[in-house]
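Report on one structure; see the data block that follows.
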Amino acid sequence: MNGDAELLKEMKRFDFLQGEWDALCWSESPNGIWREGRGTLEVTKELDGCVSVERFEGPYCGSLIKALGLRAFNHRTRHWEHTWTDSLEPGSFVVWRGRFEGDSIDLYGDWKDHNGQRVLSRLTWSRITPISAHWASHRSTDGGQTWSKHWEIQFKKQSAGVVEKIADAW
């Protein structure tokens with residue numbers, strides 16, 4: 001495949017996500033107990049198909065949130081870039097960047113927490129099919145030596161039926 005064809009193929013790697021999705025979410029509540037809940041995700045392509053806009057509603061760390069995400073392929077760096085804001089912390093924009101390796105992608109971002117400590121974040125899309133996908137968020141406060149799961153979501157296209165709890169999700 002020539003360079004232009006490879007670039008075009010890479011630019012379409014997140015096209016699977018376009019549409020309406022049911023989300024089965026797991027996240028840790030403030031009391032340390034992991035909870036399961038349902039949410040939704042709607043993804044549209046904007047700006048002549050160059051940018052994906054995500055609208056998420058669902059459970060997160062003991063609260064229900066609404067969120068807005070933007071994703072685009074950066075031609076110069078050949079990385080995917082993603083940012084997000086939500087109803088819990090609007091305006092806290094972080095940019096995660098990453099490349100697909102095989103059929104999955106890890107996007108990395110970082111910020112300083114309320115105590116000034118650097119937090120590394122890894123967002124992973126995997127197990128991608130035309131009707132389902134798995135997403136997980138991990139964080140590290142030791143420079144990436146260890147990572148802890150922060151949030152996990154199993155997505156299923158709404159046209160594909162109800163999301164079932166997947167036994168190997170953990």
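The values are calculated or read from the model by the stated rules, or taken from the named source; none is laboratory data. Note that the structure is a prediction, hence the values are computed from the model and not measured. Note that we place each Cβ from the backbone using ideal geometry, even for glycine, and neighbour counts take in every protein chain shown. Areas reflect the complete protein model, heavy atoms only, side chains present, ligands, DNA and RNA absent. Shrake-Rupley method; radii C 1.70, N 1.55, O 1.52, S 1.80 Å.
Does Trp125 qualify as being crowded, with 18+ Cβ neighbours inside 10 Å, modelled with pLDDT of 95 or more, under 20 Å from Ser29 (Cβ atoms) and under 12 Å from the mean Cα position of the chain (by Cα)? So Trp125 fails the test. Just to be sure before I move on: is Trp96 touching a residue at least 24 places away in the same chain (Cβ under 8 Å), touching a Leu at 6+ places or on another chain (Cβ under 8 Å), closer than 29 Å to Asn31 by Cα and of a type outside the set (A, V, I, L, M) in the structure I sent? So Trp96 fits the description; yes.
Consider the stretch 81-96 and keep the residues that are more than 24 Å from Lys12 (Cα to Cα) and out of contact with any Phe, Trp or Tyr (no Cβ under 9 Å at 6 or more places or on another chain). The one that is surrounded by the most Cβ atoms within 10 Å (Cβ to Cβ) is Ser87. I'd like to verify a number: residues in the stretch 23-54 that are in a strand (DSSP E or B) and open to solvent by less than 40 Å² (accessible area, probe 1.4 Å), how many? Residues that pass the stated criteria total 14.
For every residue, the table says whether it meets (1) closer than 19 Å to Trp26 by Cβ; (2) touching a Leu at 6+ places or on another chain (Cβ under 8 Å); (3) part of a strand (DSSP E or B).
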position: Ala67; (1), (2), (3): yes, no, yes
position: Gln145; (1), (2), (3): no, no, no
position: Trp151; (1), (2), (3): yes, no, yes
position: Phe155; (1), (2), (3): yes, yes, yes
